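Take a look at the structure below.
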Amino acid sequence: MAMDDPKKIFGYRLKQARTMCGLSLRGLEEKIAGAVSYNALNKYEKGEMMPGSDVLMAVAEATSQTAGFFFRPLKGEIQSIKFRKNTKLRKKAQDSIRERALDFFERYLEVENIVGLDGGFENPLRNMKGGIRTPEAAEEAADHLREAWKLGRNALPNLHETLENNRIKVFEADSDDAFDGFSGWLDGTPVVVIAKRLNMQCLTRKRNTFAHELGHVLLKDALAEDISEKEEESIVHRFSAALLLPKEVFFEEFGKNRKSISLEELIDIKVTYGISIAAIVYRAHDLRSISDATYQRFWKVYNTRGWRQKEPGDDDYQGSESSTRFKQLVWRALSEELITRSKAAELLNVPVDELRKPDAVFS
């Protein structure tokens, strides 16, 4: 694709905009109510011609985008996307989430560049290249990450903020129940996309998803080349559990050889460390703190009581999983007069008349 060809850029953005809305080309034609024909839209999307201003505004309004969106320089596509293998999300919905995420990440990278934060991401696990092939090695990787990011051994209060502060971009997507999250790379930057509904549904599930997707992006080059997808999932699962609850801390809280466990202590660990009961018991079994028989009895109770839909203790965990870093960078650029109010509105994807003026600027 010719990155400097306005017709090609417009065509790419047109397809992206309608995909974000879940529209086919025919659907877009219907939505703009005859402002332009299907054949013309098809030529625009192929980069064969440019629209006039009236058509541009009609397309922008139909797709809830600014006119500037359609001429934004291209960063490329999100690479190495890892949707869950058993996801029931239809392709049309996957495409919509992927393109909405791409739009957000491009705006995020743009404002970082504007304020001078354009240094590349450095993977703290880069020296483990090709060396991880077992779940036990994933434990070491999680410990190394905590050390590299200076996270200590305590509970991680806000994984979303932790990822953002370490230059990993996060997008929260509106979605149905068939989607939890995915991860990938854009222009050398790791990205994580997570379902927005998890904020209201279950924060511990959101944290588990964050840790799992983080494992996929950071372990991408560290995994041995000859492992299977099943082995990779097992390693990433072990990494995410070890990140949320390191082995030594787990043994201190849970013990090494348990013959029985109580629901009350599982809830207590869950509330303290922000990790689901299911993940705690998985962890106990992985570390051989409980027997196979105890593990199987737990899952029988778990499924019988419907805890897959709502676990005990879900309402007791009061953690926070959010970050305002992107918005802060936009306001920083605006207050330093690096961008105009209209550009700030474009970056935040809001109408300029809805963008409040700064109450005060101190200089």
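What follows draws every value from the coordinates through simple rules; no lab data is involved. All values reported here derive from a predicted model rather than from experimental measurement. Backbone-built Cβ (ideal geometry, glycine too); neighbour counts: all protein chains shown.
The table for this structure:
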| item | result |
| --- | --- |
| Dipole-positive endmost among GLY120, MET50, VAL330 within the chain (Cβ charges, Cα centre) | MET50 |
| Contour minus Cα-Cα distance for MET200 and GLU252 (0.36 nm per residue) | 15.6 nm |
| Lysines whose Cα lies under 26 Å from that of LYS91, excluding same-chain neighbours fewer than 8 positions away | LYS8, LYS15, LYS31, LYS43, LYS46, LYS75, LYS82, LYS169, LYS196, LYS206, LYS220, LYS230 |
| GluC sites (Glu not before Pro) lying in DSSP loop within segment 58-99, provided at most 16 other Cβ fall within 10 Å | GLU77 |
| Given charges at beta-carbon only (K, R positive; D, E negative), |dipole| of the chain in Debye | 760 |
| Cβ charges +1 (Lys, Arg) and -1 (Asp, Glu), total dipole of segment 228-363, debye | 280 |
| Reported label for calculated Cα Rg over 2.2 N^0.38 Å given (i) 0.99; (ii) 1.12; (iii) 0.93 | (ii) |
| Lysines whose Cα lies under 22 Å from that of LYS259, excluding same-chain neighbours fewer than 8 positions away | LYS247, LYS270, LYS300 |
| Inter-centroid distance (Cα atoms) of segment 238-315 relative to segment 23-71, Å | 52 |
| Given charges at Cβ of Lys, Arg, Asp, Glu: the chain dipole, positive-most of VAL301, PHE70, GLY188 | VAL301 |
| Highest-MSF residue in the chain out of LEU329, LEU219, LEU243 [GNM, Cα springs under 10 Å] | LEU329 |
| Among HIS216, HIS160, HIS144: highest mean-square fluctuation, GNM of the chain, C-alpha pairs under 10 Å | HIS144 |
| Residues ASP54 and ARG341, FRET efficiency given R0 of 22 Å [Cβ-Cβ distance, rounded to 0.05] | 0.30 |
| Estimated FRET transfer efficiency when R0 is 22 angstrom, pair SER262-LEU151 (beta carbons, to 0.05) | 0.15 |
| Within a Gaussian network of the chain (alpha carbon springs, distance under 10 Å), most fluctuating of SER289, SER64, SER228 | SER228 |
| The chain, helix-only ellipticity at 222 nm - DSSP H runs n ≥ 4, -39,500 (n - 2.57), divided by all residues, nearest 500 | -15500 deg cm²/dmol |
| Between helix 6-20 and the chain: long-axis angle, C-alpha atoms, 0 to 90°, nearest 10 | 50 |
| On Cα atoms only, tilt of 277-286 relative to the major axis of the chain in degrees | 60 |
